[in-house]
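Below is one structure, written out as structure tokens; comments come after it.
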Amino acid sequence: MPDNPEGSNTVRWAGSIGGAHGTTAPVTGEDEARERARELYGLAPEGFIEGRDALAQQLAEGGEPEIAAAIKKLRKPTLVAWAVNVASRERPADVAALLRAGDDLRQAQVAAISGKGADDLRTATQSRRMKVAALAEVALEAIGARGSAHRDAIVLTLEAASVDPELGERLRDGTLEREATPGSGLGPAGGFQLLQGGEGADQDDATTEEDRKREAKEAERAALAAEREAERASRRAEQLRAKARDASASAEAAEAEARRLADEAKTLRRRADRT
């Protein structure tokens, strides 16, 4: 397995869960903690930090300080990473098919670089594209109405995970923390690199706090702008109502004058008829 692209922020669990890699091992406290960590990444992003801290405290109080410290370092997933994790949980068979397609694509890339197997490369590329599209739809549904804005990031992340063993393992476990982005060169991820975030839980929390402050300021500015617009609209409405009242009064006066002139004309006609 290649070096961890996110440094020390990923928990390196010694055992596998339920024979995920073809072996069956006795369930240990570490296996259970790893499974609990996987469950954390099934939470919505806004509930991750609270759930992570609660789990870390529970492990610490249960006599597992090292695992608790590792859990504490887990970082809140971005919206895209969370959605891809949801797709992984809902469609494990599709994930397995995607990872196989990624293996085929890597082999076809190597063959193509050596000057042979161009047809195999086209076939492998098309096969992976179809499997990425299937999982991407599930991830988009998880996000909901806002999903279309994240389609490209979801597709790129799935493509990256399909050709990088480290990301592929995280995709299989549903524990991706960040989306991936195209990088320079082929490399182990076939031209992709993982987006980096903070250096640990403290910075993650600080970033979250900064995001909240920024969103609060933006909301305050938007509220002030809306209030000013409402005031302008209110003044404009009052002006229009005043004009309407003036117009109504003018119309009533004109109607009264028309009635007076009509009555006067009738009086003059009767006099003329008697003459």
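The values are calculated or read from the model by the stated rules, or taken from the named source; none is laboratory data. Being a predicted model, the structure only gives us computed values, none of them experimental. Positions of Cβ are backbone-derived with ideal geometry, glycine not excepted, and every protein chain shown enters the neighbour counts. Ligands, DNA and RNA are stripped out before the accessible areas are found, and what is left, the full protein with its side chains, is counted by its heavy atoms. Shrake-Rupley method; radii C 1.70, N 1.55, O 1.52, S 1.80 Å.
In segment 114-132, the condition of being without any contact (Cβ under 8 Å) to a residue 60 or more places away in the chain, open to solvent by less than 10 Å² (accessible area, probe 1.4 Å) and within 24 Å of the chain's Cα centre (by Cα) is met by at least one residue.
Residues in segment 180-189: is at least one among the β-branched types (V, I, T) and either at pLDDT 85 or above or open to solvent by less than 30 Å² (accessible area, probe 1.4 Å) (or both)?
Residues of segment 180-189 among the β-branched types (V, I, T): 181.
Going one step further and asking which of them are either at pLDDT 85 or above or open to solvent by less than 30 Å² (accessible area, probe 1.4 Å) (or both), we end up with none.
No, there is no match, as no residue in segment 180-189 is among the β-branched types (V, I, T) and either at pLDDT 85 or above or open to solvent by less than 30 Å² (accessible area, probe 1.4 Å) (or both).
Determine whether N85 is in contact with a Ser or Thr (Cβ under 8 Å, 6 or more places away or on another chain), modelled with pLDDT under 85 and polar (S, T, N, Q).
Details: in contact with a Ser or Thr (Cβ under 8 Å, 6 or more places away or on another chain): yes; modelled with pLDDT under 85: no; polar (S, T, N, Q): yes.
Against the criterion (in contact with a Ser or Thr (Cβ under 8 Å, 6 or more places away or on another chain), modelled with pLDDT under 85 and polar (S, T, N, Q)), N85 does not qualify.
What do you reckon, is L74 in a loop (DSSP other than H, G, I, E, B) and open to solvent by less than 40 Å² (accessible area, probe 1.4 Å)? Yes, satisfied.
Contact map, segment 79-95: residues that are among the β-branched types (V, I, T) paired with residues that are open to solvent by 10 Å² or more (accessible area, probe 1.4 Å) and not in a helix (DSSP H, G or I), Cβ distance under 9 Å, separation 6+ or inter-chain. Pairs shown: V80/R178; V80/E179; V84/E179; V86/G42.
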